[in-house]
Each structure stands twice: as structure tokens, then as C-alpha cells.
Amino acid sequence: MSEQQPTVMGAGQHEMPFAIVLGEPLTTPPQDLYIPPDALEVFLEAFEGPLDLLLYLIKRQNLDVLNIPIAEITRQYMEYVEVMKELRLELAAEYLVMAAMLAEIKSRMLLPRPVEADDEEDPRAELIRRLQEYERFKQAAEDIDELPRVERDIHLASVQPPDLKQERPDPDVDLRELLLALSEVLRRADMFTHHHIQRESLSVRERMSQVLSKLEPNKFIEFTTLFTAEEGRLGVVVSFLAVLELLKAHLIELVQAEPFAPIYVSAAGGAQADE
């Protein structure tokens, strides 16, 4: 017999350590090393329970849930349970409960039924109800999972808006603005122009009193509401002259937020008291 020669590794080759403990490589395992059975666990997400497995077996063969062939399904189910028992018994416990239920259903279907028990409930009814309920919940969970989800499908963006707070002085009311507003009122007044058999004289003084009666201090109304288009051009002109007279006497105030914006009228402080 030839003596066995030790294996000699080539120059530059080193044996790969299987672990490093406290910075030191270990090339041979310790003699007293104990590895518990649960040190390595492999979780399979193929089935989430016995009902999920049954539903898979039924759909794989395009079977009708309402008419399950218990014998064939039970055989296929038990094959899977045997595999689970070899891997981990605790994980297969709930599967064994379902296996017992399938065996009970199978035995009840094999036993002859009494004649008077024709209306007896199908032994598969409870299993079918549970399968249908599980299928509905599973489909609902899949539909919810497909909905867009924040941080997965949708990413929210945030941005700091610029400072929009700006202070701007109110512009002075120009006479041209008054004339433009007057022209708009006159244009509408032309639409109501009609003939009068008798014409009443219009007093600017009386119209000034009517304008003041509509106004209150610190309460603004729109400039165009002081005019009545149905009075025609003459009535509008008299109302405009009354407004100018009131402005001249400092009895009313005109305010405009910005150029080309509506003009508002308010009674000056103490105007009504003087009247």
C-alpha cells in the first residue's frame, strides 16, 4: 500500500476560512460546535395557509369551486402536507387540521345516504363557503395592493412658496377714471332711452340729497349704483353733477383699489350729520 500524501497547496494559495472569530480566521470547525435545528429558517411565500393551498389546487386544474372532487383534491393536498412534515412539523400543523377536515368530508361522501335524508346538506358546503370567503378577501387584498401607494408609486413633492406679501399704496382716483365710468353708465342708459309726453325737471340739489341718503361713513358702495339707467342720459348727467358737487364740498369720498378697478363711494366723516 502506498502511503497517502498530504495535499500541498500551490504557492500564493490560501485555504478559505469558513468563519472569522475575534479577527482570527477559522479553517476547521470546532469539535464541540452545536448547530440548533432552527438556526436556518427558510420562509416560502407560495401559500399563506391551507385555504390558499386548496384554492391553488382548484384553480390550477380549472375546477369548479361549487363542485370540488374531494378525492383528487385530498390526494394532492396530502402530497403537499407530507413535504411540509419533512421540513417543519410546526409549520404544517394547520395544514394537518385541514387534511383531517378533507378526510372527514371524503368519508361522509363515500358513506351511503339514507333515503329519508335526501335533503341533507352537502358535506362540502362548509368548505366551499370558507373557500369562497377566502377568495373574496384575497382578491380584495390584491386590488388594494395594486392601488397607488405613497412612497412606492407616488412621491410627494414639497416646495416653499415665495413670499407673496407685498404692500402697495392705493392709487388716487383720477378724473379720467370717473369719465370712463360715466361713459359706461351713459352707454347703458342709451339702451333705455324713450320719449316722454311730459318731462319733469331734475334738480341737482335734490339729487345730491338722494345720493347722500344712500351713503354711510366707512361703508362703500359701487359708483355705478348711484345712477339709474332708466332715467336716460339726462338723469345720469344730473346724478353725475350731484356727485361732483358732493366731492367739491368734501361730503363724499371715492376709493379705487387699483387702476381700471371698480370705483367705490362712501360718505365722508360727519357728512350726514351736517345734512
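The values are calculated or read from the model by the stated rules, or taken from the named source; none is laboratory data. Owing to the predicted nature of the structure, the values given are computational and were not obtained by experimental measurement. Note that we place each Cβ from the backbone using ideal geometry, even for glycine, and neighbour counts take in every protein chain shown.
Within the range 185-236, if we keep just the residues that are within 57 Å of the chain's Cα centre (by Cα) and polar (S, T, N, Q), the residue that is modelled with the lowest pLDDT turns out to be Asn218.
Return the residue satisfying two criteria in turn: it lies in the range 120-134 and is touching a helix residue (DSSP H, G or I) at 6+ places or on another chain (Cβ under 7 Å) and hydrophobic (A, V, I, L, M, F, W, C), and of such residues it is surrounded by the most Cβ atoms within 10 Å (Cβ to Cβ). Walk me through how you get there before you give the answer.
Here is the first cut: in the range 120-134, the residues touching a helix residue (DSSP H, G or I) at 6+ places or on another chain (Cβ under 7 Å) are 123-124, 127-128, 130-132, 134.
Next cut, hydrophobic (A, V, I, L, M, F, W, C) only: 127-128, 131.
Numbers: Leu127: 21, Ile128: 15, Leu131: 19.
Here the residue is Leu127.
Do you know which residues across the range 129-150 are of a type in the set (D, E, K, R) and part of a helix (DSSP H, G or I)? Listed by number, the residues that qualify are Arg129, Arg130, Glu133, Glu135, Arg136, Lys138, Glu142, Asp143, Asp145, Glu146.
Please indicate, with yes or no, whether at least one residue in the range 237-255 is over 21 Å from Arg205 (Cβ atoms) and at pLDDT below 85. Spell out the reasoning first.
Within the range 237-255, the first condition is being over 21 Å from Arg205 (Cβ atoms), and the residues that meet it are 255.
Retained after the next criterion (residues that are at pLDDT below 85): none.
Looking for residues that are over 21 Å from Arg205 (Cβ atoms) and at pLDDT below 85, one finds none in the range 237-255, hence no.
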